[in-house]
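Here the structure is laid out as structure tokens; the discussion comes afterwards.
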Amino acid sequence: MNKNTNKDIILKIFSLIILLLLIIWVVSCSVQYKQNYLKNVDAHNQLVELCNVEESTISEETCNTIISDGKPVMPDTFTVFFQLLINSNLSLIQLIAPMIVILLASYSFFHEYRTGFYKNKLLRMPYKEYLKYIILKTYRCIWILPSFVVVIFICSFMISGHFDVDLTLSYWPENYIPVSISVIKNIFPFMIIFLLNIMFNSLFYVNLALIPIKKSNNYIVNVISSYLLFIFCDIFLEVLVGILLLEKFVHVSQASGIFNLFNCWVYDSIPSIPLYTIYCFLLAVISFLVVIYIYHDREEVIIESEK
């Protein structure tokens with residue numbers, strides 16, 4: 001078993017460990033959400049009991065409201081899904097998702113490049129074919145974030161047990177649902193687009209992970225550099241392009257919502273979902289072209305890897 005095979009096995013184990021940690025995280029937040037709901041039900045039942053006491057300290061008007069509203073309704077699966085994703089600790093995924101993909105994407109590529117193992121493969125295949133092979137191999141890690149989303153959805157259904165949005169709205173106010181009602185009413189097409197945009201953004205993260213490797217001699221430094229590059233891209237696109245250029249000078253309302261690189265998880269500030277999907281696709285394509293440009297020169301790549 002060669003060193004490269006060992007690296008592949010380590011990467012698979014590392015990927016499974018990260019996925020397992022994400023699943024534990026989702027389950028923990030889901031249990032907490034269900035417990036909070038049950039506490040609300042218990043609180044409602046206690047208030048009803050107090051209202052039925054002859055010398056109740058609660059006013060008659062308040063008691064009538066409590067009784068007429070009824071027991072808190074368990075929200076539908078979609079509402080629970082977005083509640084978990086946006087209003088629980090899972091919202092931190094917006095910050096750590098790029099880091100997760102960067103960690104996985106840069107591992108095998110970095111070690112193969114810096115150890116010079118790729119030179120052995122260049123004896124058996126043309127450089128362009130090898131470049132295509134190693135990039136596609138690196139793209140395998142884009143499954144991790146969509147899997148995370150699917151796990152949240154499964155847990156949401158296990159908590160809720162139904163898809164009746166109207167039942168949710170019969171008790172909860174409309175602003176309890178973290179996304180617009182139009183999205184909830186067309187949830188299955190939206191979920192497909194949601195997962196598609198997560199995949200486009202994952203491709204973007206992978207490409208960002210590959211860009212600094214050519215000049216980097218340390219794996220951890222490369223990971224940090226890639227994440228800082230992501231933050232720089234977000235500031236440049238959202239602030240300079242979205243706010244200063246389009247909103248201030250061209251007067252395009254909510255343009256920054258489309259250019260915000262964290263909005264693949266939260267859609268409340270995105271004015272057009274189809275336009276945002278095109279933007280995510282362009283991010284993946286343009287960053288891929290940058291990677292190809294950086295690594296297109298075989299001789300230059302070899303010289304850099306030997307430094």
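The values are calculated or read from the model by the stated rules, or taken from the named source; none is laboratory data. Because the structure is predicted, anything quoted here is derived from the model rather than measured. Cβ coordinates were reconstructed from backbone atoms using ideal geometry, including for glycine residues, and neighbour counts include every protein chain displayed. Areas reflect the complete protein model, heavy atoms only, side chains present, ligands, DNA and RNA absent. Shrake-Rupley method; radii C 1.70, N 1.55, O 1.52, S 1.80 Å.
Annotations
- Among residues of region 52-90 being within 40 Å of the chain's Cα centre (by Cα) and part of a loop (DSSP other than H, G, I, E, B), the one that is farthest from Y171 (Cα to Cα) is S88.
- Filter result for F236 (without any contact (Cβ under 8 Å) to a residue 24 or more places away in the chain, surrounded by fewer than 20 Cβ atoms within 10 Å (Cβ to Cβ) and among the aromatic types (F, W, Y)): yes
- In summary, F281 fulfils each of the numbered conditions (1) under 23 Å from S182 (Cα atoms); (2) in contact (Cβ under 8 Å) with a residue 60 or more places away in the chain with the single exception of condition (1).
- In region 243-278, the qualifying residues are those that are touching a Leu at 6+ places or on another chain (Cβ under 7 Å) and in contact (Cβ under 8 Å) with a residue 60 or more places away in the chain, and the one that is nearest to P189 (Cα to Cα) is T277.
- Some residue of region 272-279 being open to solvent by 40 Å² or more (accessible area, probe 1.4 Å), more than 27 Å from P146 (Cα to Cα) and hydrophobic (A, V, I, L, M, F, W, C): no
- The lone exception for S170 - which of (1) more than 28 Å from Y295 (Cα to Cα); (2) open to solvent by less than 50 Å² (accessible area, probe 1.4 Å) it fails: (2)
- Taken together, E49, E112 contain a single residue that is open to solvent by 50 Å² or more (accessible area, probe 1.4 Å) and in a helix (DSSP H, G or I), which is E49.
- Of the helices (runs of 4 or more DSSP H) lying entirely inside region 253-307, the ones with 3 or more residues being charged (D, E, K, R) and over 22 Å from the mean Cα position of the chain (by Cα) are found at 298-305.
- Top-ranked residue in region 189-210 [being more than 16 Å from I100 (Cα to Cα) and of a type in the set (A, V, I, L, M); ranked as least open to solvent (accessible area, probe 1.4 Å)]: M191
- Taking the listed residues I144, I154, the one that is open to solvent by 20 Å² or more (accessible area, probe 1.4 Å), in a helix (DSSP H, G or I) and at pLDDT 85 or above is I154, with no other qualifying.
- Members of region 115-141 found to be among the hydroxyl-bearing types (S, T, Y) and open to solvent by 20 Å² or more (accessible area, probe 1.4 Å), listed by number: T115, Y127, Y133, Y139
- Test: residue in region 13-30 that is within 22 Å of the chain's Cα centre (by Cα), open to solvent by less than 30 Å² (accessible area, probe 1.4 Å) and polar (S, T, N, Q): yes
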